[in-house]
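Below: the structure, in structure tokens.
The values are calculated or read from the model by the stated rules, or taken from the named source; none is laboratory data. None of the values given here were measured: they were computed from a predicted structure. Backbone-built Cβ (ideal geometry, glycine too); neighbour counts: all protein chains shown. These area figures cover heavy atoms from the full protein model, side chains too; ligands, DNA and RNA do not enter into them. Shrake-Rupley method; radii C 1.70, N 1.55, O 1.52, S 1.80 Å.
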Amino acid sequence: MTQEQLLDYVNHGREIEFRYNGKMYSITYGILEGKHVISFCEFYQDTTEVEVPEDIFTVERNGVTVIQMLESITEDDIWVY
């Protein structure tokens, strides 16, 4: 998935689940302290919330950014809802 595709999905409120290095991750949406946020997490782990769609690109887990994860996997490991 490219940055452009990810940004398009996020701007349209599409939820994304993907598998990276044998672990499952998700990008979802919610409201935190009255603000609309984009939430990223490994399933059942701590979340990271951002307010600006482009900020999701630089969220990291174990030294790898979300966009690096998504660019390195195939479409078979990505589910968009």
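Tallying residues that are buried (at least 17 other Cβ atoms within 10 Å of the Cβ) and more than 9 Å from the chain's Cα centre (by Cα) within the range 49-64 yields 3.
Can residue 13 be described as open to solvent by 30 Å² or more (accessible area, probe 1.4 Å), over 14 Å from residue 78 (Cβ atoms) and over 12 Å from the mean Cα position of the chain (by Cα)? No; evaluated as a whole, the condition is false for this residue. Within the range 49-64, the only residue that satisfies the criterion of being touching a helix residue (DSSP H, G or I) at 6+ places or on another chain (Cβ under 6 Å), free of Cβ contacts under 8 Å to residues at least 40 places away in the same chain and not in a loop (DSSP other than H, G, I, E, B) is 50. The residue list 42, 4 contains one member that is open to solvent by 80 Å² or more (accessible area, probe 1.4 Å) and over 11 Å from residue 81 (Cα atoms), which is 4. Would you confirm, using the coordinates I've provided, whether residue 67 is surrounded by 14 or more Cβ atoms within 10 Å (Cβ to Cβ), in a strand (DSSP E or B) and touching a helix residue (DSSP H, G or I) at 6+ places or on another chain (Cβ under 6 Å)? Considered against the rule, which asks whether it is surrounded by 14 or more Cβ atoms within 10 Å (Cβ to Cβ), in a strand (DSSP E or B) and touching a helix residue (DSSP H, G or I) at 6+ places or on another chain (Cβ under 6 Å), residue 67 comes out as no.
For the range 1-48, give me the residue count where each residue is in contact with a Pro (Cβ under 7 Å, 6 or more places away or on another chain) and not in a helix (DSSP H, G or I). Residues flagged as in contact with a Pro (Cβ under 7 Å, 6 or more places away or on another chain) and not in a helix (DSSP H, G or I) within the range 1-48 amount to 1.
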